[in-house]
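**Q** Input: one structure, supplied below.
The values are calculated or read from the model by the stated rules, or taken from the named source; none is laboratory data. Everything numeric here is computed off the predicted structure, so don't read it as measured data. With ideal geometry, Cβ positions are generated from the backbone for all residues, glycine too; neighbour counts draw on all protein chains shown.
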Amino acid sequence: MVERVPDKNEVDGSIPSAPTMGILISVEGGEYMGKSSVVVPFLSSLFFKAGCNVLVANDPGGTPEAMKFRDEAFRRAREGAGSDEIAQIFFKARGNLIETAVKPFPKKFDKGVVILDRYLDTPLVYQGQIGKVGVNYILDLHRKHTGFLLPDLTFLLHVPQEKLKAILKSRIHSSGKDKSRNRTIFDESPLATHLKRQEFFLGLPKVFEKLNIKRNFATLDASVRRSDVKKQCEIVCASLLNTIGLRKLDPSKST
């Protein structure tokens, strides 16, 4: 669900300066990379300490209405529905989240930072490329349901190729014992599919370059210790706070 980190004025302590415009950040990558468990909570804490108002949401999902669509999509996936139908349902969820929670946030809260646990790049990989409905099909859905709202920055989590099989096998095995993880049909995919997803995620910067769509990607090595993953995030965000062209989350100004 959507979670708002308390406003900086709601807690004690000295907080450094922060940007005055909205930022949209997405965190992407295959299963078992540490998006939800490591990177998203760390980014939330980092920007909050920098004096930002922070909104965190899972995508698809994040609102009661979006969760209904999410549940429907996973149900239909288990029933064998095609990737085109699954993508359509997921984008109904995504559109609801964007319109009811994401776009209003920087208008309500100064220095707003929205952090999405998955966003556009997941359907591009899962349904567009793995599911073979095509990149253009997914981008058309994105345009229809979000006004083509793009992130200011996307973190791509990956594991170096030479370590990928061993780490995935270990994490998949460990996740089976983790009762807190809400396993989905995508978690249960064959190892070969997990490997292919990473290949497609890492190829996304070139996909957008060919389409002449400007995107800012930062790749993170998810094979290292959690503290080192967080350090990578911190380095990227230090640069973001100072140099990225921040913009309000205004669909009329989307690329």
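**Q** Taking the condition of being in contact (Cβ under 8 Å) with a residue 40 or more places away in the chain and more than 18 Å from VAL40 (Cα to Cα), how many residues in region 152-163 meet it? Please lay out each step first, then the result.
**A** Residues of region 152-163 that are in contact (Cβ under 8 Å) with a residue 40 or more places away in the chain, as a first pass: 152-160, 163.
Still in the list and also more than 18 Å from VAL40 (Cα to Cα): 160, 163.
So the answer is 2.
**Q** Name every residue in region 22-59 that is among the charged types (D, E, K, R), part of a helix (DSSP H, G or I) and under 12 Å from the mean Cα position of the chain (by Cα), in order of residue number.
**A** As a first pass, look at region 22-59 and keep what is among the charged types (D, E, K, R): 28, 31, 35, 49, 59.
With the extra rule that they be part of a helix (DSSP H, G or I), the set shrinks to 35, 49.
Of everything in region 22-59, just one residue is among the charged types (D, E, K, R), part of a helix (DSSP H, G or I) and under 12 Å from the mean Cα position of the chain (by Cα), namely LYS35.
**Q** Additional query: Does at least one position in region 28-36 carry a residue that is more than 30 Å from LYS169 (Cβ to Cβ) and surrounded by fewer than 22 Cβ atoms within 10 Å (Cβ to Cβ)? Break it down stepwise before answering.
**A** As a first pass, look at region 28-36 and keep what is more than 30 Å from LYS169 (Cβ to Cβ): none.
No: zero hits.
**Q** Take VAL113 and tell me if it is over 14 Å from GLY61 (Cα atoms) and buried (at least 21 other Cβ atoms within 10 Å of the Cβ).
**A** Details: over 14 Å from GLY61 (Cα atoms): yes; buried (at least 21 other Cβ atoms within 10 Å of the Cβ): yes.
Against the criterion (over 14 Å from GLY61 (Cα atoms) and buried (at least 21 other Cβ atoms within 10 Å of the Cβ)), VAL113 qualifies.
**Q** Can you confirm whether LYS103 is modelled with pLDDT under 95, more than 26 Å from TYR32 (Cβ to Cβ), surrounded by fewer than 21 Cβ atoms within 10 Å (Cβ to Cβ) and in contact with an Asp or Glu (Cβ under 9 Å, 6 or more places away or on another chain)? Talk me through it step by step, then tell me what you get.
**A** Values: modelled with pLDDT under 95: yes; more than 26 Å from TYR32 (Cβ to Cβ): yes; surrounded by fewer than 21 Cβ atoms within 10 Å (Cβ to Cβ): yes; in contact with an Asp or Glu (Cβ under 9 Å, 6 or more places away or on another chain): yes.
Answer is yes for this residue.
**Q** For region 162-200, enumerate the residues that are modelled with pLDDT of 70 or more, within 24 Å of GLY80 (Cα to Cα) and surrounded by 14 or more Cβ atoms within 10 Å (Cβ to Cβ).
**A** Answer for region 162-200, where residues must be modelled with pLDDT of 70 or more, within 24 Å of GLY80 (Cα to Cα) and surrounded by 14 or more Cβ atoms within 10 Å (Cβ to Cβ): THR184, PHE186, SER189, THR193, HIS194, LEU195, LYS196, ARG197, GLN198, PHE200.
**Q** Over 20 Å from LEU202 (Cα atoms) and out of contact with any Cys (no Cβ under 8 Å at 6 or more places or on another chain): which single residue out of GLY34, GLY29, GLY62 fits that description?
**A** Details: GLY34 fails: over 20 Å from LEU202 (Cα atoms); GLY29 fails: over 20 Å from LEU202 (Cα atoms).
Of GLY34, GLY29, GLY62, the one residue that is over 20 Å from LEU202 (Cα atoms) and out of contact with any Cys (no Cβ under 8 Å at 6 or more places or on another chain) is GLY62.
**Q** Tell me, which helices (runs of 4 or more DSSP H) lie completely within region 74-155 with 1 or more residues that are closer than 19 Å to ASN53 by Cβ and in contact with a helix residue (DSSP H, G or I) (Cβ under 7 Å, 6 or more places away or on another chain)?
**A** Details: elements: 83-97, 105-108, 135-146.
Result: 83-97.
**Q** Continuing with the same structure: Where residues in region 215-242 are in a loop (DSSP other than H, G, I, E, B) and under 17 Å from the mean Cα position of the chain (by Cα), which of them is modelled with the lowest pLDDT? So that I can check it myself, show each step before the final result.
**A** First, the residues of region 215-242 that are in a loop (DSSP other than H, G, I, E, B): 215-216, 222-225.
With under 17 Å from the mean Cα position of the chain (by Cα) added as a condition, the list becomes 215-216, 222.
On the way: ARG215: 94, ASN216: 93, ALA222: 90.
Filtering first and then ranking leaves ALA222.
**Q** I would also like to ask the following. Write out, first by first residue and then by second, each pair whose Cβ atoms fall under 8 Å of each other, whose residues are 6+ apart or on separate chains, and whose first residue, in region 128-151, is on the phi > 0 side of the Ramachandran plot while the second is surrounded by fewer than 20 Cβ atoms within 10 Å (Cβ to Cβ) and assigned to a loop (DSSP other than H, G, I, E, B).
**A** Here the result reads GLY147/SER254; PHE148/SER254; PHE148/THR255, each pair linking region 128-151 to a residue that is surrounded by fewer than 20 Cβ atoms within 10 Å (Cβ to Cβ) and assigned to a loop (DSSP other than H, G, I, E, B).
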